[in-house]
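Note sheet for the following structure.
The values are calculated or read from the model by the stated rules, or taken from the named source; none is laboratory data. Only a predicted model underlies this, so the values are computations on that prediction, with no experimental measurement involved. Positions of Cβ are generated from backbone atoms using ideal geometry, with glycine treated the same way; all protein chains shown enter the neighbour counts. In case anyone asks, the SASA skips ligands and DNA or RNA and just uses the protein heavy atoms, side chains included. Shrake-Rupley method; radii C 1.70, N 1.55, O 1.52, S 1.80 Å.
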Amino acid sequence: MVRKRKLGEHLLASQLIKAPQLEEALRLQLKTNELLGKILQNLGFVSEEEVAKALAEQLSMPFASAAELEASWECMKLIPWELARKRLIFPLKGDDGRMKLAMANPFDWQAVDEVAFTTGLKILPVLATESSILNALERHGSSSSVLNSVIRDINIGSDEAEVRLAHNGVKSHFDPVNIESEHNLESTPVIVKLVTSIMSDAAKCRASDIHIEPAETEVAVRYRIDGVLKTIVRYPLYIHDSVVSRIKIVSSLDITNKRLPQDGRTVLRLEDREINIRLSTLPSVNGEKVVLRLLDDSVALLPMPELGLPAYIYNSLITILGQPQGMILVTGPTGSGKTTTLYALLHQIQSDAKNIITVEDPVEYKVAGTTQIGINPAVGLTFISVLRHILRQDPDTIMIGEIRDTDTAEIAVQAALTGHLVLSTLHTNNTVAAITRLIDLGLSPNLLASSVTAILAQRLIRLICPRCKTEIDPPEVVRELKLDNIRTFYKGAGCRACKFTGYHGRIGVYEYLPMESNFKQLVVQKASEEDLQKAARRMGMISLIEDARAKIEQGITTVEEVLSKVPLDAPKNGKKPPRAVPR
């Protein structure tokens, strides 16, 4: 019988270590009783992957690289997340009554027995590194151990009778979902635990939205973090009606109405703060889809200095905000941060000496010292009806959530011309397009030139995660973005801090157009959008893509992120944008 070589001998024969290094490690092992492979890693003689591959070869066991650690949801929901993390195991694939199981410790047969007993499957062990298993668990699991535990309880044993809502009364419209009073009670119904866990986990993950999407057999829960959706957990379809009913109950919606869309609000009390949640339900083929928007005042209500505006834009806006009349427009697509910018402008001018009134659809954040009005078309409270009465309320500043039609645009312009400062938004791609859009709505170029004082176009792009930021080779599209002069490019490799996305946080990309006298004259003369764009460039306007290029050069975002968020529609003017400092 041929004797198998020990791990140290195998590493020595493979020339991964030298004899003196092995001797030093063996001496330490006598003192510490640690695994030899771990000691060799700690001494820096071999890498974790080299030890794992050598051990797999020694034991005639398959080895799985970090790239191969991908699991199906069917496998993930069979093993408790806490068990997987404790035993350092990760399910790879299951079929025909068998499951491949990646293990960091190939001698942990107790873990194999426990998984086999839990799943009822035959286990085929595969060796993998500890770090790759931990990273895979973080990628596939949610942030909350409680949420994983609830999903586990539902998947392994709850039948329909056990998950029915044990709720006797309907809460009032703004009665908060209290984590302390409901989430920690063992007697709390599983559906209540699930809904509250999803809300609190999303808030802790900095999610702006929660999407609950039913499919044919299961329901996916996705969070939008830094503008991108990511699937976090899934639960069985048969409990979905109960989940939706629970969400409707805490939002004072009609739980019997499943055929029509509904909108509602609730509040999540999380530790030392309250988060307003706005929700929308929509009937689909597989059940009602629910989207919850998390409105966290501590995140969204930013003062102007924290918007990340370049100094030249910040100083110009401060000057305009000090004027008694005029109109500032913020443009961009949905999700570009327009509302956050408007609230920051309001925060800048708010004082006891001014009467500030807002008209919004709906009111997302409460701003102290302002009168905020949420429109309600069902009772006739529209933008038009509110705006016509606002002028009788002696306002100094009016914020209009969005200019959507001719009537709203005309009233906004009239207000700006009659001694009021007006702040509003438009859905256009850039600053100059806002002018042509208003003209298309029927506004007179003369009135437009006289009322609009500045236009700010913006986008939000993700920041490279500072914890896993690494230098990379220049991407192939550098010429398309005119980035040939940049020598160093970066990206995020992916880590636990950024949930393996490579990004953490966002920053604004801006294009700013102050309405100077020469430019106003072109508007009055009904110049084409192309001519207005050229004139703006001659005035020194820095385009969105130029500002984005500067942020790539500064190493704070990636080429791929810029290409996915910023339109490539403006020539360079030769000016270098100022440096941006991410907050």
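Brief remarks on what is shown
- Heavy-atom accessible surface of segment 188-326: percent carbon and sulfur, 1.4 Å: 52 percent
- Note on K258: lysines with a C-alpha under 21 Å away, same-chain residues under 8 apart excluded, are K171, K248, K289.
- Filtered GluC sites (Glu not before Pro), segment 256-311: DSSP coil and at most 11 other beta carbons within 10 Å: E271
- Solvent-accessible area per residue for the chain (1.4 angstrom probe, square angstrom): 48 Å²
- Extending 7 Å from the Cα toward the beta-carbon at both E9 and V285 defines two label points whose distance is 6.2 nm.
- Unpaired by the 4.7 Å Cβ criterion, cysteines found in the chain: C75, C205
- The distance between label points at R98 and A215 comes to 2.6 nm (points 7 Å beyond Cα on the Cα→Cβ vector).
- Of all aspartates and glutamates in the structure, the ones whose alpha carbon falls short of 13 Å from that of K526, not counting any fewer than 8 places away in one chain, are D440.
- Mean ellipticity per residue at 222 nm, deg cm²/dmol - from DSSP H runs of n ≥ 4 across the chain, formula -39500 (n - 2.57): -10500 deg cm²/dmol
- Residues of segment 113-140 with an amide N closer than 13 Å to a point placed 7 Å from the Cα of K86 along the Cα-to-Cβ direction: 114-115.
- DSSP-defined beta bridges in the chain - what % are antiparallel, rounded to 5: 65 percent
- Fraction of the pair-distance distribution of the chain above 44 Å, Cα-Cα pairs, percent: 34 percent
- The modelled label-to-label distance between Q554 and R538, using points 7 Å beyond Cα along the C-beta direction, is 3.0 nm.
- Taking amide H as placed 1.01 Å from N in the peptide plane, H420 has its amide H under 5 Å from the amide H of G326, each at least 5 places away in sequence or on another chain.
- Between T32 and S351, the contour length at 0.36 nm per residue exceeds the Cα-Cα span by 108.2 nm.
- Taking Cα centre as origin and charging only the Cβ of basic (Lys, Arg, +1) and acidic (Asp, Glu, -1) residues, the dipole magnitude of segment 299-397 rounds to 140 debye.
- Nearest-ten-degree value, helix 48-58 long axis tilted from longest Cα axis of the chain: 30 degrees
- Carbon plus sulfur fraction of accessible area for segment 439-478, probe 1.4 Å, in percent: 46 percent
- Entries of K338/K551; K53/K204; K18/K86 with Cα pairs more than 29 Å apart: K53/K204; K18/K86
- Loop GluC sites (Glu not before Pro), segment 1-54 (other Cβ atoms within 10 Å of the site Cβ: 16 or fewer; DSSP): E34
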